[in-house]
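Working notes, beginning with the structure itself.
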Amino acid sequence: MENNRNSSPTYRGWETSFKPSLKREPRISVIGIAGPGDPLYNDETFLTFKLISLKFKDMIKCLSTNGLLLSDKLPLLINCGISTITVTINAIDPNIGQEIYDYAIYKNNVYRGIDAAKLLIEKQLEGIEAACDNGLLVKVNTVLIPGINDKHIDDIAKKIKELGVAIMNIMPLIPQAEFSHLKAPKCNELEKVRLKNSKIISQMYHCRQCRADAAGLLGDDI
């Protein structure tokens, strides 16, 4: 798992691109910052949210993260007025996690294999618990990866429910890069897993796996 500093837009560039979208679709009520990369690695993320609070006070602000830095950066997020956080968790068992994540970089140290998985999972759960305890609404995204974590989803659901997570979004794998040799789960397989886990925690069904730069309403990208 790579945690590079991605290039967040400057505020001037962001405002220039956002205002036309809001004019075209005034029902937009949420502003979110996601990838590529993890936005918690970028100082620009926090500056952008602070400026959003000044210019668009009524907007709901949310952030998507892999959770590695969530507990470390939570005070900054709260100070920026973030109310909703999405954390992607694909395993809570390091033995499964090491099949998903190649490595993690934390405080200038590189972790690989099961050590990377252990670190990431520990920090994810720590950050989620802290966010929930501070009154933030937390959603967890989990990618259903056939043959790797498909039998493990209910363990994730039980754990995040225990920590106070509000809703879970189980998404199908898009086979690419290291997972290009795998097949995406079929619709009926995905629905079966969602239904099973809906008995544990509320499920999200309307996800369209939109791009990080998407703007508009669900199913109507402007």
Notebook entry, point to check: Can you give the % of DSSP beta bridges in the range 38-161 that are antiparallel, to the nearest 5?
Noted result: 30 percent
Item checked: Qualifying lysines (Cα of each under 29 Å from Cα of Lys123; at least 8 residues distant if same chain) -> Lys50, Lys61, Lys73, Lys107, Lys139, Lys151, Lys158, Lys159, Lys161, Lys196, Lys199
Note to self: Taking all protein chains in place and a 1.4 Å probe, what share, in percent, of the accessible surface of the range 52-142 do carbon and sulfur account for?
What the structure shows: 47 percent
Next item on the list: Determine the share of the range 160-206's accessible area contributed by carbon and sulfur atoms, expressed in whole percent, with a 1.4 angstrom probe.
Entry: 57 percent
Next item on the list: Project the alpha carbons of the range 88-214 onto their principal axes and report the range along each, largest first, in whole Å.
Entry: 41, 40, 32
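The values are calculated or read from the model by the stated rules, or taken from the named source; none is laboratory data. Just so it is clear, the model here is predicted, and its values are computed rather than measured. Side chains are part of the model used for accessible areas, which takes the heavy atoms of the whole protein and leaves out ligands, DNA and RNA. Shrake-Rupley method; radii C 1.70, N 1.55, O 1.52, S 1.80 Å.
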